[in-house]
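What follows is a short report on a single structure.
What follows is calculated from the coordinates using simple rules that are stated; it is not laboratory data. Since the model is a prediction, treat every value here as computed from it, not as a measurement. Here the Cβ positions follow ideal geometry from the backbone for every residue, glycine too, while neighbour counts run over all protein chains shown.
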Amino acid sequence: MKNNYEINSETIAIIPVAQNVSKVIELHQSLIVNKSTTEIIDESCKFFGSSYLGRHEGTKNLIGINYKSPIIVEESLELIFFPTASPRIQECMWISLNHIEDYYKKDLVTYINFKNGEELELEISYGSLENQILRATRLESILRKRKLA
């Protein structure tokens with residue numbers, strides 16, 4: 001079990017397992033971290049020179065989203081994560097946009113397939129997941145356009 005974790009280009013998802021304990025799924029391993037999902041997001045943003053609130057404000061300015069906002073954890077690596085619920089609640093997972101291969105609904109359950117073959121079952125509707133992915137993709141598109149300008 002780790003006490004600290006910085007999001008990096010191999011981070012796929014951050015999943016709550018208990019109060020202030022998260023499972024971090026990376027491309028080649030999974031880790032248990034003694035922090036909430038939002039604490040990991042905030043500390044990673046700070047590691048890269050901002051904070052969760054700063055990144056949240058940035059998203060609000062870029063795409064006008066204020067609730068369940070995707071955030072840019074780090075610009076140059078295009079580390080963009082989105083929450084599956086309000087970050088204020090313990091059940092909130094954070095998903096990396098870059099690692100999603102596909103997503104689908106089977107019966108009443110929504111799944112994400114990642115590029116490394118991992119599959120994650122979500123307790124949110126397909127429409128809600130699709131909306132979060134579209135918001136994160138919009139944020140990514142604006143980030144890329146600004147890099148080219």
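Calculated [222 nm] ellipticity per residue, helices only, for the chain: -10000 deg cm²/dmol; basis is -39500 (n - 2.57) per DSSP H run with n ≥ 4, divided by all residues, nearest 500. Once R0 is set to 41 Å, what does the formula 1/(1 + (r/R0)^6) return for the Cβ-Cβ distance between Gln19 and Leu148, expressed as a FRET efficiency to the nearest 0.05? Once rounded, the FRET efficiency stands at 0.40. Set against the labelled values [x] 22, 19, 18; [y] 21, 19, 15; [z] 24, 18, 15, semi-axes √(5λ) of the Cα gyration tensor in Å computed from this structure falls on [y].
Here the calculated FRET efficiency for Phe47 and Lys68, from their Cβ-Cβ distance with R0 = 25 Å, stands at 0.65, rounded to the nearest 0.05. Other residues whose C-beta falls under 15 angstrom from the C-beta of Ser141 contribute a net charge of +3, scoring Lys and Arg +1 and Asp and Glu -1.
Checking every one of the chymotrypsin sites (Phe, Trp or Tyr not before Pro) in the stretch 17-120 against DSSP loop status and a limit of 12 other Cβ atoms within 10 Å picks out Tyr67.
What separates the Cα centres of the stretch 1-40 and the stretch 73-99 is a distance of 12 Å.
A simple count of charges around Ile15, restricted to other residues whose Cβ falls under 15 Å of its Cβ and scoring Lys, Arg +1 and Asp, Glu -1, yields -4.
Length gained on full extension, Ser128 to Ser86: 13.9 nm, using 0.36 nm per residue less the C-alpha separation. For the stretch 91-149, trypsin sites (Lys or Arg not before Pro) meeting the loop criterion (DSSP other than H, G, I, E, B) and having at most 15 other Cβ atoms within 10 Å: Lys115.
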